[in-house]
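So the structure is just underneath, and the comments pick up after that.
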Amino acid sequence: MTTDHDQFDSVLAEIRCVAAGIDRHQIRDLADALIAARRIFVTGEGRSGFMAKAFAMRLMHLGLPVDVIGETTTPAVRGTDTVVAVSGSGTTGGTVRVAEQASALGAAIWAVTTDPASPLGSTASGLLLIPAATKYRRADEAPTIQPLSSLFDQATHIALDVVCLQIAGARGVDNALAARAHANTE
């Protein structure tokens, strides 16, 4: 029987293993693309969608124009926009459909996924590959003790926070400046 301490250490070790496999150039390239973007949209379903929404919130704190696909106030995607689509498998129907539609409009698509050859990866003009386990447990995925796509979600959250750190550094946004954009009606 494992202890809580052992499980905690195991999860941290899994995250470290995945993090070691993330291409730092892809993180930098995504940060640069978002800095240059006219408008940013994020999309994802389920827990991947929560990671996308958390990312959108951080981008807003950094002063970037960002919207979440599917919200009632989301404007139209244009050909000059950038869409960040998050799906561990790269096969989530709603996420792939949004990416394909936005691509047809001329928007740049960045896929955050485990599978560059997936429908989402194939649609994307840019990729942030997260070499983690998904609910499908394909042979090439990282081993994990965690259920479903927990490891992908955790590694994605951290990788996208590093993207935000790079954006913050490039834009000169420190904690005090970001805090001014934080919700003040809580």
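The values are calculated or read from the model by the stated rules, or taken from the named source; none is laboratory data. All values reported here derive from a predicted model rather than from experimental measurement. Cβ sites come from the backbone with ideal geometry, for glycine too, and all protein chains shown count toward neighbours.
Could you please let me know if Ser10 is at pLDDT below 95, among the hydroxyl-bearing types (Ser, Thr, Tyr) and within 18 Å of Thr156 (Cα to Cα)? In short, yes. Only residues that are modelled with pLDDT of 95 or more and in a loop (DSSP other than H, G, I, E, B): list them for the range 126-182, please. Selection gives Ile130 alone. Glu186 meets all of the listed conditions (1) touching a Ser or Thr at 6+ places or on another chain (Cβ under 7 Å); (2) over 21 Å from Ala20 (Cα atoms); (3) assigned to a loop (DSSP other than H, G, I, E, B); (4) not hydrophobic (A, V, I, L, M, F, W, C) but one, namely (1).
When each of His25, His5 is tested for being of a type outside the set (Asp, Glu), exposed (fewer than 15 other Cβ atoms within 10 Å of the Cβ) and modelled with pLDDT of 95 or more, the lone residue that passes is His25.
Taking the conditions exactly as written (under 30 Å from Pro143 (Cα atoms) and not acidic (Asp, Glu)), does Thr80 satisfy them or not?
Judged against the criteria, Thr80 is not a match.
If I filter the range 153-163 for residues that are closer than 17 Å to Leu12 by Cβ, touching an Asp or Glu at 6+ places or on another chain (Cβ under 9 Å) and either surrounded by 10 or more Cβ atoms within 10 Å (Cβ to Cβ) or free of Cβ contacts under 8 Å to residues at least 24 places away in the same chain (or both), do I get at least one hit? The answer is yes, given that some residue of the range 153-163 is closer than 17 Å to Leu12 by Cβ, touching an Asp or Glu at 6+ places or on another chain (Cβ under 9 Å) and either surrounded by 10 or more Cβ atoms within 10 Å (Cβ to Cβ) or free of Cβ contacts under 8 Å to residues at least 24 places away in the same chain (or both). Out of everything in the range 22-45 that is in a loop (DSSP other than H, G, I, E, B) and of a type in the set (A, V, I, L, M), what residue ends up being nearest to Ala155 (Cα to Cα)? Going through the qualifying residues, I end up with Ile22. Test Thr43 against the criterion of being under 26 Å from Asp140 (Cβ atoms), crowded, with 23+ Cβ neighbours inside 10 Å and in contact with a helix residue (DSSP H, G or I) (Cβ under 7 Å, 6 or more places away or on another chain), and give yes or no. It is true that Thr43 is under 26 Å from Asp140 (Cβ atoms), crowded, with 23+ Cβ neighbours inside 10 Å and in contact with a helix residue (DSSP H, G or I) (Cβ under 7 Å, 6 or more places away or on another chain).
The residues on offer are Ala33, Ala37, Ala102, Ala56, and the sole one that is surrounded by 20 or more Cβ atoms within 10 Å (Cβ to Cβ) and touching a Ser or Thr at 6+ places or on another chain (Cβ under 8 Å) is Ala37.
Looking only at the range 108-125, which residues are among the hydrophobic types (A, V, I, L, M, F, W, C), part of a loop (DSSP other than H, G, I, E, B) and touching a helix residue (DSSP H, G or I) at 6+ places or on another chain (Cβ under 9 Å)? Can you show your working first?
We begin by selecting, within the range 108-125, every residue among the hydrophobic types (A, V, I, L, M, F, W, C); these are 108-112, 117, 120, 124.
Narrowing the set further to residues that are part of a loop (DSSP other than H, G, I, E, B) leaves 117, 124.
Within the range 108-125, just Ala124 meets the criteria.
Considering the range 164-180, the residues that are aliphatic (A, V, I, L, M) and buried (at least 16 other Cβ atoms within 10 Å of the Cβ) include one that is nearest to Ala36 (Cα to Cα), namely Ile167. Inspection of the range 61-73 identifies at least one residue that is surrounded by 16 or more Cβ atoms within 10 Å (Cβ to Cβ) and in a helix (DSSP H, G or I). Would you mind stating whether Arg97 is part of a helix (DSSP H, G or I), among the basic types (Lys, Arg) and within 19 Å of the chain's Cα centre (by Cα)? Judged against the criteria, Arg97 is a match.
From the list Ser10, Ser48, the one residue that fits, being under 22 Å from Thr144 (Cα atoms), of a type outside the set (Lys, Arg), part of a helix (DSSP H, G or I) and in contact with a strand residue (DSSP E or B) (Cβ under 6 Å, 6 or more places away or on another chain), is Ser48.
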